[in-house]
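Have a look at the structure below, then the notes.
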Amino acid sequence: MKTRKLELGDRNIVGARVTQARKRLGLKQIELLAKLQLAGVDMSVPALSLLEGQKRPVSDIELNALADILQVSVEWLLGREENQD
């Protein structure tokens, strides 16, 4: 598994939880991107990497799709809930 080369940013608060949920489901970034595309959200590999690294903001459309795909609530992604269920 690759390790992060850059420190986490401060452009969003969901990036770390997106990574956590993606890994819990055993998804690679490219697999998550494919699922996002099927949901109508077009995102590039660098954009997802920046999102997970908290280096780019997340749109509401992206946030909603990520929650659905990763099987978590928007509230959990935002850090408003402790449990993923």
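The values are calculated or read from the model by the stated rules, or taken from the named source; none is laboratory data. None of the values given here were measured: they were computed from a predicted structure. Every residue, glycine as well, gets a Cβ built from its backbone with ideal geometry; the counts of neighbours run over all protein chains shown.
So here's what we get for this one:
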| quantity | calculated |
| --- | --- |
| Residue check, Leu50 buried (at least 17 other Cβ atoms within 10 Å of the Cβ), of a type outside the set (Lys, Arg), farther than 19 Å from Arg24 by Cα and in contact with a Lys or Arg (Cβ under 6 Å, 6 or more places away or on another chain) | yes |
| Residues located in the range 69-84, provided they are surrounded by 15 or more Cβ atoms within 10 Å (Cβ to Cβ) and either on the phi > 0 side of the Ramachandran plot or part of a loop (DSSP other than H, G, I, E, B) (or both) | Val72, Ser73, Leu78 |
| Total residues in the range 7-20, condition over 8 Å from the mean Cα position of the chain (by Cα) and part of a helix (DSSP H, G or I) | 1 |
| Qualifying residue in the range 41-58 (condition: out of contact with any strand residue (DSSP E or B) (no Cβ under 9 Å at 6 or more places or on another chain), among the β-branched types (Val, Ile, Thr) and in contact (Cβ under 8 Å) with a residue 40 or more places away in the chain) | yes |
| Qualifying position, being in a loop (DSSP other than H, G, I, E, B), surrounded by 13 or more Cβ atoms within 10 Å (Cβ to Cβ), modelled with pLDDT of 95 or more and not charged (D, E, K, R), among Leu27, Leu32, Leu66 | Leu27 |
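The rows are residues; the columns are (1) over 21 Å from Asn83 (Cα atoms); (2) among the charged types (D, E, K, R); (3) touching a Cys at 6+ places or on another chain (Cβ under 6 Å).
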site	(1), (2), (3)
Asn12	no, no, no
Leu25	no, no, no
Lys28	yes, yes, no
Leu33	yes, no, no
Pro46	yes, no, no
Pro57	yes, no, no
Ile61	yes, no, no
Ala65	no, no, no
Ile69	no, no, no
